[in-house]
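Enquirer: Here it is, the structure, as structure tokens.
The values are calculated or read from the model by the stated rules, or taken from the named source; none is laboratory data. Please read all numbers here as calculations on a predicted model, not as lab measurements. Neighbour counts are summed over all protein chains in view; Cβ atoms, including those assigned to glycine, are modelled from backbone coordinates with ideal geometry. For the accessible areas, the whole protein counts, side chains as well, though only heavy atoms, and no ligand, DNA or RNA atoms are used. Shrake-Rupley method; radii C 1.70, N 1.55, O 1.52, S 1.80 Å.
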Amino acid sequence: MSEHGNDDPAMRNVADLVRAAGRTAGDKTALIDGARSISWSALDAEVDRAAAAFVGLGLAPGSRVALALGNTLDFPVAYFGVLRAGLVALPVNPGNTAREFSHVLDDSGAAVLVAGPTALDAVESAITDRADLLVLGAGGATPVSGRRFEDLLADQASGQRPQGEAVGVDDLAVLIYTSGTSGRPRGAMLSHRALLADLAHVSRIEPPPTRADDVVLLVLPLFHIFGLNTGLGMVAAAGATGVLVDRFDPAGSAELIRRHAVTSLVGAPPMYVAWSLLPGTGEAFASVRLAVSGAAPLPVDALQRFRVQTGLRVHEGYGLTETAPSVTSTLCSFEPKAGSIGRPVPGVEVSLVDASGAEVDPDDPGEIRVRGGNLFSGYWPDGREGPDAEGWWCTGDVAVADGAGDLTLVDRRRELILVSGFNVYPREVESVLATHPDVAEVAVLAMPHPYTGSAVKAIVVPRRESDGTPVPVSTEALLVYAGTYLARFKCPTSIEIVDALPYTATGKIAKGQLREASGSPF
């Protein structure tokens, strides 16, 4: 692959990966979804059909098409179809609440939403005042108003090439919402160039992590950049085979690995923790040659258990939505080290800088600064806070480099909580709980969790009556309330009721004191 993702210099669209695989590996199985499977040539034809369907809707070039779909065949067909039509894909967590859907759909100005059964009820609650938004039900879901995605595809003539708007390699391809420091999710703008460059960078690792003869477990959510590009994108770039898993189950996924002779795992720490505790893992994973983990740090004890069970070394990496996502990997290290996130992948520059922007001395911690063709174009809609004039972008994460150049994270991005690799900003959770009528104040912290890496803890001060007595507050009621407005991974797993919160001299909640009192290491 070249720097832009393929040896073909004419490749300018991520959907061209499917076209190329259809030409070179047409009869080979592309994706397996339960009892269904599809070859690369058949997938290419389905993507053509989807692209023609989107073009037929008369959308303006660059219109956003939201995809609230699980890891089923509907997702790649819709995703690559949107891109081939010259439109912008907007992957959305199908487990979002109506409040979360409303923000993403309104902020992005999405024109179309393809929603599966899991998402449809919340979607329809969120769009009561969006008559301009077309909802397409997928996976058997039938919207109250709108159409079924399957019917839209069926209306297209077989073998017809779509006449979508031609896109440039620097045009926006994917808009993924990720929590900002304000707690309001912001859309990270990823061009075709950025996505293809990331795939090219990873493909230059020796030996290549994904080969044409690989069978890759696609269990990471495809609405997340790690599952979308490192998983699905890399399978398409290599012309490999992907096994789609819609919901992670330790025993069920282990059986799929055994049944399909999976060779490559692209996972997150909670998956490896669960697999390491599963009896018989070694036998089920006998076909696996490569195991990669990202999105959050992997507990060392789980890493060691997994290696004892399977004989496999789990390679860890570091990346962000804004970097499409790859920055570093222990696959690039001379000798992988437990707890390290490795060295920069080929094509990506990394430096550690202090508050003034100067590079730090060796062995000193510094903020990770990144430069490469895989960087995003800034945040929607105007590209604010993107790379600077020299192409550098500061991640907000702090790391230290050892003598071999391997990085180790020492502090996470500001107050970011990573739950199973997904971003949770305390401000967003606090703003939801603060609207409860019985809550006067709230502070949210990260707490360690054996399976998800971190968990959300809320410390709540109840409202007081006029005579000063606190209103009785039910933690169970607060948990239910949070679940009404927040996706499950953002919801607190524990709530502590206190009389008051500590404050600093400048009037800010003293979260350092709260962390110390709660025993949180974060």
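Enquirer: Report the relative contact order of region 324-480, percent, no decimals, based on alpha-carbon pairs under 8 angstrom and at least 6 residues apart. Can you show the working numbers first?
Expert: Working: 276 pairs, mean separation 22.5, N = 157.
Relative contact order, region 324-480: 14 percent.
Enquirer: Students often check this: by mean Cβ neighbours within 10 Å, which of 234-242, 38-46, 126-134 ranks highest, and how do the rest follow?
Expert: Working: 234-242: 25.3, 38-46: 19.8, 126-134: 14.9.
Output ranking for 234-242, 38-46, 126-134: 234-242, 38-46, 126-134.
Enquirer: Follow-up. Per the 1.4 Å probe, what fraction of the accessible area of region 1-113, in percent, lies on carbon and sulfur atoms? Mind dumping the intermediate values first?
Expert: Values: 1720 of 3570 Å².
It is 48 percent, rounded to a whole number.
Enquirer: Using only the Cα atoms, what convex hull volume per residue in Å³ does region 285-437 have? Before the final figure, lay out the partial values.
Expert: Values: hull volume 25.5 nm³, N = 153.
Convex hull of Cα atoms, per residue: 167 Å³.
Enquirer: For region 140-212, max minus min Cα coordinate along each principal axis, in Å, sorted largest first?
Expert: 45, 42, 26
Enquirer: Also: Do me a favour and compute the ellipsoid semi-axes for region 158-258 from its Cα gyration tensor, root of five times each eigenvalue, largest one first, whole Å.
Expert: Result for region 158-258: semi-axes of 25, 21, 16 Å.
Enquirer: Sort D213, D16 by heavy-atom solvent-accessible area, probe 1.4 angstrom, most to least.
Expert: Descending accessible area places them as D213, D16.
Enquirer: Can I ask one more? May I ask you to give the solvent-accessible area per residue for the chain, in square angstrom, as obtained with a 1.4 angstrom probe?
Expert: 40 Å²
Enquirer: Still on this model: At a 1.4 Å probe, what is the % contribution of carbon and sulfur to the accessible area of region 381-478?
Expert: Details: 2280 of 4310 Å².
That fraction is 53 percent.
Enquirer: With viscosity set to 1.002 mPa s at 20 °C, what whole-number translational diffusion coefficient in µm²/s follows for region 332-422 from Stokes-Einstein and a Kirkwood radius over Cα pairs?
Expert: Details: Rh = 14.2 Å.
Diffusion coefficient, whole number: 151 µm²/s.
Enquirer: Give me the net charge of A42's neighbourhood, meaning all other residues with Cβ under 14 Å from the Cβ of A42; Lys, Arg count +1, Asp, Glu -1. Don't jump to the answer; show the numbers that get you there.
Expert: On the way: positive: R19, R23, K28, R36, R49; negative: D27, D33, D44, E46, D48.
Spelling it out: positives minus negatives among the neighbours equals 0.
Enquirer: Another question, then. Given points 7 Å out from each Cα along the Cα-Cβ axis, report the E476 to E359 separation in nanometres with one decimal.
Expert: Computed distance between label sites E476 and E359 equals 5.9 nm.
Enquirer: Can you give the % of DSSP beta bridges in the chain that are antiparallel, to the nearest 5? Could you put the intermediate results ahead of the total?
Expert: Working: 49 of 84 bridges.
Here the share of antiparallel DSSP bridges comes out near 60 percent.
Enquirer: Among the DSSP beta bridges whose two residues both lie in region 115-204, what percent are antiparallel, rounded to the nearest 5?
Expert: Working: 7 of 10 bridges.
Once the DSSP bridges in region 115-204 are tallied, antiparallel ones form about 70 percent.
Enquirer: Using the Kirkwood radius over C-alpha pairs as Rh, can you work out the diffusion coefficient of the chain via Stokes-Einstein at 10 °C, viscosity 1.306 mPa s, in µm² per second?
Expert: Details: Rh = 23.8 Å.
Value of D from the Cα-based Kirkwood radius: 67 µm²/s.
Enquirer: Using only C-alpha positions, report the orientation-averaged shadow area of the convex hull of region 1-101, nm², one decimal.
Expert: 7.8 nm²
Enquirer: Counting each DSSP H run of 4 or more residues in the chain as -39500 (n - 2.57), what helix-only mean residue ellipticity at 222 nm follows after dividing by all residues, to the nearest 500 deg cm²/dmol?
Expert: Numbers: 15 runs with 141 residues, N = 522.
Calculated at 222 nm, the ellipticity per residue is -8000 deg cm²/dmol.
Enquirer: Additional query: Amide H neighbours of I497 under 5 Å, counting only residues 5+ apart in sequence or on other chains, H built in-plane at 1.01 Å?
Expert: HN-HN under 5 Å from I497: V460.
Enquirer: Moving to a separate point now. Arrange the residues S474, S63 by how much accessible surface each exposes, largest first, with a 1.4 angstrom probe. All intermediate terms of the calculation are to be shown ahead of the outcome.
Expert: Details: S474 50, S63 20 Å².
In descending accessible area the options line up as S474, S63.
Enquirer: Two decimals, Cα atoms only, Kirkwood Rh: what is Rg/Rh over region 219-330? List each step's numbers first, then the result.
Expert: Numbers: Rg = 13.2 Å, Rh = 14.1 Å.
Over the Cα atoms of region 219-330, Rg/Rh equals 0.93.
Enquirer: Would you tally the net charge around L57, using a Cβ to Cβ cut-off of less than 12 Å, leaving L57 out, and scoring K and R as +1, D and E as -1? Don't skip to the answer; put the middle values down first.
Expert: On the way: positive: R147; negative: D155.
That works out to 0.
Enquirer: Right, next: After finding the eigenvalues of the alpha carbon gyration tensor for region 80-156, what semi-axes result from the square roots of 5 times each, listed largest first in whole Å? Kindly include the intermediate steps, with their values, before the conclusion.
Expert: On the way: eigenvalues 70, 45, 26 Å².
Those come to 19, 15, 11 Å.
Enquirer: Further question: Normalised by the residues of region 110-263, what does the relative contact order come to in percent, with Cα pairs under 8 Å and at least six apart? Before the final figure, lay out each step's value.
Expert: On the way: 184 pairs, mean separation 20.1, N = 154.
That works out to 13 percent.
Enquirer: Report the Stokes-Einstein translational diffusion coefficient (µm² s⁻¹, integer) for region 409-467, Rh taken as the Kirkwood radius over Cα pairs, at 25 °C with viscosity 0.890 mPa s. Please list the in-between numbers first.
Expert: Working: Rh = 12.6 Å.
Stokes-Einstein gives a translational diffusion coefficient of 195 µm²/s.
Enquirer: Stick to Cα atoms and the Kirkwood definition of Rh, then tell me Rg/Rh for region 386-522.
Expert: Values: Rg = 17.6 Å, Rh = 16.7 Å.
Answer for region 386-522: 1.05.
Enquirer: Once you have a ≥ b ≥ c as the square roots of the Cα gyration tensor eigenvalues for region 200-244, tell me rounded if a/c is under 1.5, and otherwise prolate or oblate according to whether a/b is larger than b/c. Don't jump to the answer; show the numbers that get you there.
Expert: On the way: a/c = 2.28, a/b = 1.36, b/c = 1.68.
Because a/c hits 1.5 or more and a/b fails to exceed b/c, region 200-244 counts as oblate.
Enquirer: Could I ask something else about it? Given a cut-off of under 8 Å on Cα pairs at least six residues apart, what relative contact order in percent is computed for the chain?
Expert: Working: 1188 pairs, mean separation 60.4, N = 522.
Dividing the mean separation by the residue count of the chain yields 12 percent.
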